[in-house]
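Report on the structure given below.
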Amino acid sequence: MEIEVVCFTASRARFAVEASQVRTMLAADQDGGDAVPIEGLIGLPVSAGELRHRLILKAGGPCVEVSGPVSLETLAAAQIHPLPRLVAARMSLAGVRALALPPSGPVLILDVNMVIGGAAGTARMPPTV
Amino acid sequence: MTTEASLERILSLRQEGSGEIVSVDEPAVKLVIVSLGDQWFAFHGERIREVLAEAPVFFLPGCPPSLEGVVNVRGDIESVIRLRSILGLPAMADGISSRILLGQASAMRSGVRVDRVEDVVDVLESAIQPLPPTTPDHLQPIMLGVFTFGDHVVHLLDLERIFEDYRAGLR
């Protein structure tokens with residue numbers, strides 16, 4: 001069993017959302033309508049000077065702006081884990097649903113609905129680095 | 001008539017179910033003794049599943065500094081917390097080798113970073129004394145007692161309480 005995910009970078013850490021929840025990707029300078037930095041939605045500082053991309057989600061709402069590299073990857077079920085209880089209790093990031101540990105290093109898997117919920121409601125203002 | 005103690009006599013009493021044999025062994029507990037710099041601490045052995053030596057720890061963003069990251073233990077992902085941070089001790093100098101204890105409380109499991117694992121010993125329960133009144137207030141809830149081991153004073157830690165407090169954001 002495996003799932004396809006769209007991986008990207010935020011604050012130099014790797015994140016992913018399920019590929020089935022992403023409609024398409026645009027370069028940040030293409031017109032995709034309003035865009036919200038992913039860092040602001042999950043509670044991380046925005047890293048300046050990185051190449052940005054926009055993910056358009058099937059759930060609608062504003063485009064989500066992320067840092068590259070953006071890639072489509074396959075994660076085996078054995079690589080995906082729930083957050084350990086102490087991590088789940090103390091992690092300050094919003095919308096983190098699971099953790100994957102492929103050979104390339106840890107990837108935090110986001111729940112799109114929770115992330116978009118943040119965009120629709122009270123998105124966190126990203127601190128600047 | 002004097003009854004001589006002998007193996008045969010003892011076995012005979014055992015077989016008869018006699019109550020004459022009374023164990024005078026004091027109850028003891030198995031403890032894992034660790035150190036943080038020159039300070040020594042211990043956990044109940046039943047709370048420590050194993051000692052991880054060279055396991056790489058993966059940093060996770062959005063976690064407090066006391067939460068070092070996660071480690072892959074034969075396919076299971078476990079958190080790693082820094083005991084120094086929890087006890088309010090300064091961070092360990094870079095480049096010093098250290099160990100991760102895999103601790104098990106009733107409802108959760110986590111790695112615990114310590115400087116060194118000193119020994120695993122059986123300690124008489126009677127040797128474990130109440131905490132001295134000089135113990136800092138913030139440490140008293142997570143310490144079960146104190147005993148001496150060689151030249152060292154060792155504080156016995158309550159791993160269950162440490163995990164509970166940590167999960168609740170109290171440490």
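The values are calculated or read from the model by the stated rules, or taken from the named source; none is laboratory data. Note that this is a predicted model, so its numbers are computed, not measured. Glycine also receives a Cβ, built like all others from the backbone with ideal geometry; neighbour counts cover every protein chain displayed.
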key: Entirely in the range B:17-111, the strands (runs of 3 or more DSSP E) that have 2 or more residues that are more than 11 Å from chain A (Cβ to nearest Cβ) and in contact (Cβ under 8 Å) with a residue 24 or more places away in the chain   = B:28-36, B:39-44, B:48-52, B:99-104
request  = Being more than 17 Å from A:Gln30 (Cα to Cα) and buried (at least 18 other Cβ atoms within 10 Å of the Cβ) is the filter here, so list the residues in the range A:62-78 that pass it.
outcome  = A:Leu75
query = Are there any strands (runs of 3 or more DSSP E) wholly within the range A:13-105 with 3 or more residues that are farther than 30 Å from B:Glu160 by Cβ, and if so which?
reply = A:13-18, A:22-27, A:35-37, A:52-57, A:63-76
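So if I check each of A:Pro103, A:Pro45, which one is farther than 29 Å from B:Gly75 by Cα and either out of contact with any Leu (no Cβ under 9 Å at 6 or more places or on another chain) or away from chain B (no Cβ under 14 Å) (or both)?
Only one candidate qualifies: A:Pro45.
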query = Restricting attention to the range B:101-149, and to residues there that are surrounded by 11 or more Cβ atoms within 10 Å (Cβ to Cβ) and among the small types (Gly, Ala, Ser), which single residue is nearest to B:Arg49 (Cα to Cα)?
reply = B:Gly103
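When only residues in the range B:113-139 that are among the hydrophobic types (A, V, I, L, M, F, W, C) and touching a residue at least 60 places away in the same chain (Cβ under 8 Å) count, which is nearest to B:Asp94 (Cα to Cα)?
Here the answer is B:Val114.
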query = Being within 14 Å of A:Ile109 (Cα to Cα), in contact with a helix residue (DSSP H, G or I) (Cβ under 9 Å, 6 or more places away or on another chain) and among the acidic types (Asp, Glu), is that true of even one residue in the range A:53-73?
reply = yes
task = Check whether at least one residue in the range B:67-79 is modelled with pLDDT of 95 or more, among the charged types (D, E, K, R) and surrounded by 15 or more Cβ atoms within 10 Å (Cβ to Cβ), and report yes or no.
result = yes
